[in-house]
Amino acid sequence: MQKKQTNLSRRAFLKRTAALAAVPCIVPSSVFGRNGAVPPSERIILGGLGVGNRGSHDLRWMLPEPDVHFVATCDVQKSRAERVKQIVDTRYGNKDCRIYHDTREFLAERTDIDALLVTTGDRWHALASIMAMRAGKDVYSEKPSSMTIAEGQAVVDTAKRYRRIYQTGTQRLSEGNFTYCNEMLRLGRLGEVHTVRAHIAPWDAAEMRHDWLEAEPLPPEQEVDWDAWLGPCPWRPYNSAYTRGGWRGFYDFHTSCIGEWGAHTFAQCQVGMGAADTSAIEYNYVNNESGDGMVTKFANGIKMVLERDMDNKYFHGSCAIRYEGTKGWVSVGDGYSKPDVSDPAMLDDFRKLVYDYQARTGRAMSHVRNFLDCVKSRRQTVANPVVMHRSMTTVHAANICMWLKRDLRFDPEKEEFVNDPQANRFRSRAMREPWII
Amino acid sequence: MTRRQTGSAVVRCVSRGLYNNVGWGSPHHNSTDGLKADPTKKGNLTMSKSRIQIIMIVALILAGTVRLSAQTVPPKSDEDKLIAVIQSNDATHKEKVDACRGLALIGTKKAVAPLAALLGDEKLSHMARYALEPIKDPAVDEALREALGKVKGKPLVGVIGSIGVRRDAQAVQPLLSILMNNQAPPEAMGMAVRALGQIGTTEAAQVLKTSLDHAPAEGMPDVYEGLFRCAERFAAEGNRSAAIDIYDTLLAQNASHQVRGGALRGAILTHGKSAKGGLALLKKHLQNDDYIMFSAACQTALEMPDTEVTQALTTALNNLPADNKILVIWTLGKRGDPAAIPALSAAANDGEKSVRIAAIEAMPQIGHASAVPVLTDLLGDKDSEISQAAQQALAAIPSEAADAAVMAMLNNTQTEPRLTALELIGRRRMYDSVPALLKVAAGPDAKVRPAALKRVGELGGPGEFPELLDLLMQYESRQDLDAAEQALSAVCTKTDNPASYSSRLTSRMSDATPAQKSALLRVLGVIGGAKALEAVRDAMDDSNAQVRDTAVRVLCSWKTSDAAPNLLALAKNSSDSARKTAALRGYINLIRNDELSTEKKLEMSRQAAALIERNEEKKLLLGALSTIPSKEALSMAMAHLDEPATRDEASFAAVAISEKIVEQNPKQVADALQKVLKATDNRNVRRRARQTLDKARR
């Protein structure tokens, strides 16, 4: 169901006071985009923070939206910023996209920007989102969107405090196949659901590295600002491999194979089973490298099992989920034309369930569109801060369970491990100055 | 790394004086810390005694762990060893960093002083705090407070930050001293303000409020943030008046939109829904010309489920410009309170179109039956966008009242409402409507009958078969017959054994008109089976040309191989070239059938090849050949590689076959694929060909 455009004026989205200096430049719609069907006054002014490979993918979804105008990008790596500028300038047929190097300067200067695409890498997602929201921006942040439970809490608090709209990039929550599975569960079509299975990445391990790659000469700061790249993380010597994706597998920068896909699948499962505002309360340790087969339990009695599924017993696509109940099961992952079901007749109502969901929630079947609609309506996105934080808390707790090599119990009300000071030490990490959440 | 391997590594470490890259023991690049040149030995370095001690300590720690990553919690007994590392003059930077990581997991009060000693060290200050922050002992707070007066620069900023994280209420005065110190660097002052906010005591709040009059413009966001945190803490502790006081203070500031809007939200929610408090504030700002504050009020209303808030929103609707109305409508929809339906109904019926559509779309979000009448009325709106929006909205209202309204529309005397009802029945999946649908299908309205039959096919099951068959036998028009045929096919295929319906279909053939017979034949083609095939064969000799023609078409689309002999005969002997071609194509399509053996497939391929005249059928055969794992199939495919019209299909077939037979026939495959690589430009085919060629050559 296509969300209708409104005639809300551009001025309505100018969230500034007389104290602010910059005045946005309104230009005729014929200069923007390809069709100019949306009046300029309705455009959402968008910027980017740390837009690399994945971020460029998101950007390519956002740029075609008729009510988006991308104006600037900020990156500690010059080459990435230049690539984004090229993408944007090619889209608009001009050279107007500006490049920034320092996040604080960028946020202070660009008061005209309504929303930011934050795709900095896991270590920065929460902090950058918090900084952006403090500066009055709405945020679309890639996932995993937090490194610790404390970071996730801070994202939730900041979004509430400043009334910001925030979406984490768990885009399957806006896809028809996955939505159908969630609706089947919600409507009781599976009977009493007792088990859900969440796919975790078939590479890397839960345990991560602390060693340092061999030090290389620091590049000029204008090329790569290494200090800024590290941000809140413990200092280590520069090695270019980190900046080309080689940060994965390091404790300081990554959330392990569990977070890599669990950021998606745990969110999907928790939303599906009506546990979006809580986290698992029990985590049962498994003696393997990845957490494969770990059984977690929620207060509603449902078990969520982490599945690497190397022999394709449950899944035949990536980032998959499966819901099992007394009346049947459904399962879906990437690349499925339709969900797998225990009875083909279950798919008879596929279209109805998806259409009804859209009508009931007012949400588009597009993660980016949902975000943009919510920027205008100020309603919560489908993957809002609470969804992100609570599902990532389950991710973090599962990781901690593996690191401690024992079972854990968690209290979602107090957001701490029950009578477990040792586990609670992992709830936060001291940030390197001058960063703080 | 196993323990044995760890032990060997330790020996190597000790003998060479360097560390292997094993987690905590990772060397800092080019580090020769602790190694001194021995002037008597050219090119050799000797180690200091303390260095050796450090190596042994770390090695013992490493040897004691099963997994060599620092998030593995070391035994509590290792605390002293880790403290020794951080106190050592000979330990490398990396070693101390790793020791701090370990102390973050097991450190106690014992570790506080040694860690605190590092707080002024630019290189180690952060990791010292990394270890100190998680230690739940007031000694940490004392140490951090003490460090405030000693450390400078970046380490000071970090210490202040950690004080804030730990919410040390005793640090308020020392932090105030920093704020009062004109010499303090701006970053330290900013962090002090943030820390005060995290501490969130009454004393801290007072300091922050005072800062409002003194902080520079660039420092104000930190002051606002601090005040927000204090207010939130007060509200959580039940000290609402203190929280409201802060929010009112923030509201009075000439601050950025996020601060003003956030303060309004905080003030409304902390006041609560009282008429004089939160509700009054909400109502006031629902009329605010400042869109920021207006949208903040709407957004806050989303967090207030009370009916009084619904009333405030619906009342506000009357007096707002169109743009603002839409935001209120979106808010009402999301809140889901059925009390909003009357106001939404009014908005849906009159005014600007964008407002009307927003109101219509909000109703299914509330999902209440009270929306059904207005949506039903709007189905007849002369503006098609409005009527379409109403239809979509009504489709999604989950109530018996909506079903009843739809059924009432189905019984309308006018065609248009009945057609709309049929759309809605399909969209709503109204399975209970099937009996009514069959009645409509038997009724006098020719425009409605096909749509009704379509729904029966979608929603009905095998139980509808007899009535559908009877209906088909009554129809004369092509439209009705087609629709009945589709519906019959659909319900038949919902059983495990569709072919079991053959007898009932064939038993009606003798009474059927030619048009009806044709429809029956097409249904037989869908359900398949021996009896159905027999009936189709018989119909090929029917006296009526239309029936004969239909029978041939059905035969040519047959899905199972038992039709092959008839198709081959037709392809060979028919005097009608169109039928010959159709039969040949049907025959070739059967070659793909999985139940056929390879030999049978080859035999059929040879038969077909002998009859092919056109390139279209060559391509079809090449597609079928691609499913046959045999040398002969490969040869047959390769025979078409040099023809431009079939080159692509021949390449694809050759590659597909080769993939299946490469292990048994590497030489033939290699020969074929080398030719394919010369012939085709298709990237995917070339990639697959290269991969299989590699296998063949191995």
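The values are calculated or read from the model by the stated rules, or taken from the named source; none is laboratory data. For clarity, every value in this text was computed on a predicted model and none was experimentally measured. Every residue, glycine as well, gets a Cβ built from its backbone with ideal geometry; the counts of neighbours run over all protein chains shown. Heavy atoms of the whole protein, side chains included, go into the accessibility calculation; ligands, DNA and RNA do not. Shrake-Rupley method; radii C 1.70, N 1.55, O 1.52, S 1.80 Å.
Numerical summary
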| read-out | value |
| --- | --- |
| Where residue A:263 falls short, out of the listed (1) in contact with a strand residue (DSSP E or B) (Cβ under 6 Å, 6 or more places away or on another chain); (2) buried (at least 18 other Cβ atoms within 10 Å of the Cβ); (3) within 21 Å of residue A:397 (Cβ to Cβ); (4) more than 12 Å from every other protein chain (Cβ to nearest Cβ) | (1) |
| Given (1) open to solvent by less than 10 Å² (accessible area, probe 1.4 Å); (2) more than 11 Å from chain A (Cβ to nearest Cβ), index of the condition residue B:100 fails | (2) |
| Unique residue being within 14 Å of chain B (Cβ to nearest Cβ), touching a helix residue (DSSP H, G or I) at 6+ places or on another chain (Cβ under 6 Å) and not in a helix (DSSP H, G or I) when the list is A:382, A:330 | A:382 |
| Single condition residue A:415 does not satisfy, out of (1) under 20 Å from residue A:169 (Cβ atoms); (2) surrounded by fewer than 21 Cβ atoms within 10 Å (Cβ to Cβ); (3) more than 13 Å from every other protein chain (Cβ to nearest Cβ) | (1) |
| Check on residue A:192, more than 14 Å from chain B (Cβ to nearest Cβ), touching a residue at least 12 places away in the same chain (Cβ under 8 Å) and either open to solvent by 20 Å² or more (accessible area, probe 1.4 Å) or out of contact with any Lys or Arg (no Cβ under 8 Å at 6 or more places or on another chain) (or both) | yes |
| Residue match in the range A:389-405 (condition: touching a residue at least 40 places away in the same chain (Cβ under 8 Å), part of a loop (DSSP other than H, G, I, E, B) and more than 14 Å from chain B (Cβ to nearest Cβ)) | no |
| Filter result for residue B:385 (within 13 Å of chain A (Cβ to nearest Cβ) and open to solvent by 20 Å² or more (accessible area, probe 1.4 Å)) | yes |
| Residue pairs meeting the criteria (Cβ under 6 Å; at least 6 apart or on separate chains; first within 10 Å of chain B (Cβ to nearest Cβ) and in contact (Cβ under 8 Å) with a residue 24 or more places away in the chain, in the range A:355-367; second part of a helix (DSSP H, G or I) and open to solvent by 20 Å² or more (accessible area, probe 1.4 Å)) | A:362/B:365 |
| All positions within the range A:230-245 that are open to solvent by less than 10 Å² (accessible area, probe 1.4 Å) and among the hydroxyl-bearing types (Ser, Thr, Tyr) | A:242 |
| Failed criterion for residue A:248 (all others in (1) away from chain B (no Cβ under 14 Å); (2) open to solvent by less than 10 Å² (accessible area, probe 1.4 Å) hold) | (2) |
| Every residue from the range B:125-150 that is surrounded by fewer than 23 Cβ atoms within 10 Å (Cβ to Cβ) and more than 9 Å from every other protein chain (Cβ to nearest Cβ) | B:137, B:138, B:139, B:141, B:142, B:143, B:145, B:146, B:148, B:149, B:150 |
| Evaluation of residue A:168 against (1) within 14 Å of another protein chain (Cβ to nearest Cβ); (2) surrounded by 24 or more Cβ atoms within 10 Å (Cβ to Cβ); (3) closer than 25 Å to residue A:248 by Cα (one fails), failing number | (1) |
| Search result, residues across the range B:347-380 that are more than 22 Å from residue B:328 (Cβ to Cβ) and open to solvent by less than 60 Å² (accessible area, probe 1.4 Å) | B:369, B:372, B:376, B:379 |
| Matching residues in the range B:517-570 - criterion: being among the polar types (S, T, N, Q), within 19 Å of residue B:587 (Cβ to Cβ) and out of contact with any Phe, Trp or Tyr (no Cβ under 9 Å at 6 or more places or on another chain) | B:550, B:557, B:560, B:561 |
| The range B:247-265 residues that are within 7 Å of another protein chain (Cβ to nearest Cβ), paired with ones that are of a type in the set (Val, Ile, Thr) and open to solvent by 30 Å² or more (accessible area, probe 1.4 Å) (beta carbon under 9 Å, 6 or more apart) | B:256/A:111 |
| Any hit, the range B:360-367, residues being within 22 Å of residue A:351 (Cα to Cα) and more than 28 Å from the chain's Cα centre (by Cα) | no |
| Residue match in the range B:519-541 (condition: surrounded by fewer than 15 Cβ atoms within 10 Å (Cβ to Cβ) and either β-branched (Val, Ile, Thr) or at positive phi (or both)) | no |
| Test: residue in the range A:352-375 that is under 21 Å from residue A:258 (Cβ atoms), β-branched (Val, Ile, Thr) and buried (at least 19 other Cβ atoms within 10 Å of the Cβ) | no |
| Every residue from the range B:305-321 that is open to solvent by 10 Å² or more (accessible area, probe 1.4 Å) and under 34 Å from the mean Cα position of the chain (by Cα) | B:305, B:306 |
| Residue tally, condition without any contact (Cβ under 8 Å) to a residue 24 or more places away in the chain and assigned to a helix (DSSP H, G or I), over the range A:232-269 | 1 |
| Helices (runs of 4 or more DSSP H) enclosed by the range B:372-481 - at least 1 residues per element that are basic (Lys, Arg) | B:415-428, B:434-441, B:449-459 |
| Test: residue in the range A:340-349 that is outside any helix (DSSP H, G or I), out of contact with any Leu (no Cβ under 7 Å at 6 or more places or on another chain) and modelled with pLDDT of 95 or more | yes |
| Residue A:151 acidic (Asp, Glu), open to solvent by 10 Å² or more (accessible area, probe 1.4 Å) and either facing chain B (nearest Cβ under 10 Å) or over 26 Å from residue A:108 (Cα atoms) (or both) | no |
| Residue under evaluation residue B:291, criteria (1) open to solvent by 10 Å² or more (accessible area, probe 1.4 Å); (2) of a type in the set (Ser, Thr, Tyr); (3) within 20 Å of residue B:341 (Cα to Cα), criterion not met | (3) |
| Helices (runs of 4 or more DSSP H) completely within the range A:68-184 that count 3 or more residues being farther than 30 Å from residue A:330 by Cα and in contact with a Leu (Cβ under 8 Å, 6 or more places away or on another chain) | A:78-92, A:122-134 |
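Yes or no, residue by residue, for (1) acidic (Asp, Glu); (2) more than 30 Å from residue B:299 (Cβ to Cβ); (3) not in a strand (DSSP E or B):
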{"position": "A:310", "(1), (2), (3)": "no, yes, yes"}
{"position": "A:313", "(1), (2), (3)": "no, yes, yes"}
{"position": "A:316", "(1), (2), (3)": "no, yes, yes"}
{"position": "A:322", "(1), (2), (3)": "no, yes, no"}
{"position": "A:354", "(1), (2), (3)": "no, no, yes"}
{"position": "A:365", "(1), (2), (3)": "no, no, yes"}
{"position": "A:373", "(1), (2), (3)": "yes, no, yes"}
